[in-house]
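Read through the structure below, which is laid out as structure tokens, and then see the notes.
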Amino acid sequence: MMDDRPPVIVGAGPAGSCAAATLAAAGLAPIVLDEAPASGGQIYRRAPAGFTRPYRALYGFEAAKARRVHDAFDGIKGSIDYRPDTLVWDLRHGALQCLTGGRSREVPYRDVILAPGARDRIIPFPGWTLPGVYTLGGAQIALKHQGCAIGRRVVFMGTGPLLYLVAWQYAKAGADVTAVLDTAPFAAKRRALPGLLRGGSTFAKGLWYVAGLRARGIVVANGVRPVAAEGKDAAVSALVYRDAAGTERRLACDAIAFGFGLSSETQLADLAEIPFTWDPVQQQFLPERDLAGRTSVPRVYLAGDGSGIAGADAAELAGERAALALLEDRGHEVDKRRVAGLERALRRIAGLRVAFEAAFPFPVDIAAGMSDETVLCRCEGVTAGELRHAAGALEAGEINRAKAFTRCGMGRCQGRVCGPAAAIVLAAALGVPREGIGRLRGQPPVKPIPMAAVS
Ligand SMILES: Cc1cc2nc3c(=O)[nH]c(=O)nc-3n(C[C@H](O)[C@H](O)[C@H](O)COP(=O)(O)OP(=O)(O)OC[C@H]3O[C@@H](n4cnc5c(N)ncnc54)[C@H](O)[C@@H]3O)c2cc1C
């Protein structure tokens, strides 16, 4: 019997939007599921209805791209089945479990493109659970989505392009940016320079943000190490850090935004039983896929940052390529030259990524050296010391076993927040390479849902 059910796309960011446009152009009417109330994903997140900030103010250099992606999606709304405010919380046996309007409903699929994007990658440090400490992405969402700053005197700490971008956005919006503290040493950026220069406008934008911050008298420091966030009256009041020379310094502030690059949202790919491999460049386990987004699981495709961090431009290309792969597999004729062009562009961007990761290395040593008292898993209140105890006395040589012993990664976030650092703490305690202790398995619900929705 012919199965002509429409394809399903999870995520309406740049990857999902482009996949939807490609399928719609081929006459298919995909179902597009997204937990957000509007399309655009993280980078092109739209302001809520009634907010009137101009595109230039919201998206800066990316205003024209944001407009193009939004307009393209709005233009196909009539020919797709778009379901915003819909969280996909499970995937198995050819069906997605979706939370919408407080109820869970099943969406069976014949073929599915997973494009769920990424989230902040963090390393806990003493005091990180104090009110007023946010991730970089969280700080940006407050500004972009609600027009709010996370504080009046904000310290930005961590590494990666988002560190400078969000600090610049805050400075431009009128917040008092106290300092931008990068854990990456200056030498790493200097070494990565030839590769960064091939990034053209992306690199130029980074230089612009740094120059803009310095021009406002904001301290921009490299090679720092966080010591602790201090609190007063149950809120953050200072960040203590060591500078590149090892001198301890203290900055008064009422908010901290921190993050160390991004982690792919891979739980749905995991539930789809796609095999994973360790990616030494991105320092994370990633679901296996080819350049077209095909996986070893028939009719499950991956696109965008959810299958490896490559940025918004790559997400658009990958979304289109995955949709073309799906069309080819359904027997449609596709433009072979377009396919070749997309794959060429994706290969080029993957090459640039190596330079970005080298310029802003994930500071594994900070996680490995975390003090025993630091709360590592905030959902379950598990400290780094308790995880080390599991590694030693309880002989937990694998991350899921350590989770069973300690409950680290078993709470509301399912290890999405603490997982990357927990794995490093465990591996360091066991004296094995990070990839040697495995990865936290994805579990449903991939994000918290109310019990009432499934009872
Ligand atoms: C918080 C944050 C802020 C960022 N800001 C910038 C920036 O300002 N500039 C920049 O260049 N890059 C930024 N990035 C990186 C950039 O967003 C990505 O490179 C790009 O958006 C990737 O596109 P994508 O379509 O793969 O994923 P995304 O744009 O992340 O889109 C994924 C979509 O999937 C939806 N989704 C995820 N999981 C589910 C689920 N289980 N069920 C239903 N829907 C789901 C999300 O709501 C989202 O709309 C940011 C990343 C993050 C995490």
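Annotations for the structure displayed:
- Relative contact order %, region 384-455, counting alpha carbon pairs below 8 Å whose residues are six or more apart: 34
- Kirkwood Rh in Å, taken over region 340-434 so that all alpha-carbon pairs contribute: 14.6
- DSSP assigns beta bridges within the chain; of those with both partners inside it, close to 50 percent run antiparallel.
- For region 321-370, convex hull of alpha carbons as volume per residue, Å³: 90
- Kirkwood-Stokes translational diffusion coefficient of region 25-76, alpha-carbon pairs, 25 °C, 0.890 mPa s, µm²/s: 200
- Only Lys, Arg (+1) and Asp, Glu (-1) charged, at Cβ; the chain dipole about Cα centre in debye: 1140
- Calculated on alpha-carbon atoms, Rg and Dmax of region 113-155 in Å: 12.7, 42
- Cα-Cα separations in region 281-366 greater than 21 Å, expressed as whole percent: 33
- Three principal axis lengths of region 160-223 [C-alpha, angstrom, descending]: 34, 25, 18
- The chain: relative contact order in percent, alpha carbon pairs under 8 Å with at least 6 residues between: 18
- Spatially proximal lysines relative to K65 (Cα-Cα < 28 Å; intrachain offsets below 8 disregarded): K77, K144, K172, K189, K205, K336
- The chain: C-alpha pair distances exceeding 31 Å, %: 42
- Relative contact order (percent, whole number), region 283-424, Cα cutoff 8 Å, 6+ residue spacing: 15
- Hz values of 3J(HN,Hα) by residue in region 71-78 - Karplus curve (6.51, -1.76, 1.60), Gly and Pro given as x: 4, 4, 5, 4, x, 9, 3, x
- Most positive-pole-ward Cα, L346, G16, V454, against dipole of the chain from beta carbon charges: L346
- With the alpha-carbon atoms of region 209-327 aligned to their principal axes, the span from lowest to highest coordinate is 55, 32, 29 Å, starting with the largest.
- Interchain or long-range residues, amide H under 5 Å from L376's placed H: V382, T383, A384
- Where Rh is the Kirkwood radius over Cα pairs, Rg/Rh for region 75-208: 1.07
- Kirkwood-Stokes translational diffusion coefficient of region 1-155, alpha-carbon pairs, 10 °C, 1.306 mPa s, µm²/s: 92
Any read-out appearing in this document is the output of simple, stated calculations on the displayed coordinates, not a laboratory observation. Keep in mind that what you see is a predicted model, and the values were worked out from it rather than measured. So basically every Cβ, Gly included, is an ideal-geometry build from the backbone, and we count neighbours across all protein chains shown.
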